[in-house]
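Below is one structure; the comments refer to it alone.
Bear in mind these aren't lab numbers, they're just calculated from the coordinates by the rules spelled out. Every value quoted in this text rests on a predicted model; they were computed, and no experiment measured them. All Cβ positions, even for glycine, are placed from backbone atoms using ideal geometry, and neighbour counts span all protein chains on display.
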């Protein structure tokens, strides 16, 4: 038999978790010098913002 998946209930809503993730990525990017690593962190923050917008649109349809 295969491995048993670890499952747990999320306590915070998805948009709140995504917002926290985006803020964390921006803070980490602020501490990096200009370059690929900083751009990657900012892109992850941007993608999280886009996911927040999409989730809100889907929730309100």
I'd like the projected area of the chain, averaged over all directions, using the convex hull of its alpha carbons. Report it in nm² with one decimal. 6.6 nm²
If you fit an axis through the alpha-carbon atoms of helix 36-59 and take the longest principal axis of the Cα set of the chain, what angle between them do you get, 0 to 90°, nearest 10? 40 degrees
Angle check, please: helix 14-30 long axis (alpha carbons) against the longest principal axis of the chain (alpha carbons), in degrees 0 to 90, nearest 10. 20 degrees
Take the Cβ-Cβ distance between residue 56 and residue 9 as r, set R0 to 25 Å, and report the resulting FRET efficiency rounded to the nearest 0.05. 0.70
May I ask you to order 17-25, 5-13 by the average number of other C-beta atoms within 10 Å around their residues, highest value first? 17-25, 5-13
